[in-house]
1. Is it fair to say A41 is part of a helix (DSSP H, G or I) and within 25 Å of A97 (Cα to Cα)?
2. Restricting attention to the stretch 60-90, which residues are in a loop (DSSP other than H, G, I, E, B) and free of Cβ contacts under 8 Å to residues at least 12 places away in the same chain?
Amino acid sequence: MDPAYVSALSALAGSAIGGLTSLMASWLTHHVQFSSQERAANRNTRVELYKSFIEEASKWYADAYEHDQARISNLVALYALVGRMRVLSSQEVIESADRVVRTIIQTYLAPNKTFREVAELLDNHAKNPLRDFGDACRREFRGPDPT
C-alpha cells in the first residue's frame, strides 16, 4: 500500500475518532445536565406538595380540636395531596401522611378541647403528627430520589 494512502487514511480515522469523542462528550454533558435539572424539578415539586400538605393538615388539625363534626368535604384536599404523594414520594412519607390524616379524623371524633387543654398537651410534649411527617420528608430529601 502506498504510504500516502496510509497517511490519508490515518488522518481520516483520527478525525472520525476525534469527532465521535467530541460528540459523545457533548451528549454525555447534556444528558447529565438534563438529569440534574429533572431531579431538581422533582425535588421542588415535592417541596411544594409537602408544604401544601402541612398547611392544610395544620388547619384541619386545629379545627378538629375545636369541633367534633367534620365535614367530609374539608378533608378532600388532604386526601388529594396524599394521592399526589403516592405518585411522587417515598413509602415512608406516604405512610406518615396517612397517619396524619388518621390522627386528624381521630381528633374530630374525640371531645373538643379548650385552649388551656391544648396548651397543657403542648407542655406535656404531646406527640405532633406533623413533626413525624416533617422528619420523614427530611429523611427522603437526604436519601436517594424516590422516583
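The values are calculated or read from the model by the stated rules, or taken from the named source; none is laboratory data. Predicted model, so just to flag it, every value in this text is computed and none were measured. Positions of Cβ are generated from backbone atoms using ideal geometry, with glycine treated the same way; all protein chains shown enter the neighbour counts.
1. The answer is yes for A41.
2. R71, the sole residue that qualifies.
The rows are residues; the columns are (1) surrounded by 10 or more Cβ atoms within 10 Å (Cβ to Cβ); (2) at pLDDT 95 or above; (3) not basic (K, R).
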position: W27; (1), (2), (3): yes, no, yes
position: H31; (1), (2), (3): yes, no, yes
position: S36; (1), (2), (3): yes, no, yes
position: T45; (1), (2), (3): yes, no, yes
position: I72; (1), (2), (3): no, no, yes
position: Y79; (1), (2), (3): yes, no, yes
position: E95; (1), (2), (3): yes, yes, yes
position: T103; (1), (2), (3): yes, no, yes
position: R116; (1), (2), (3): no, no, no
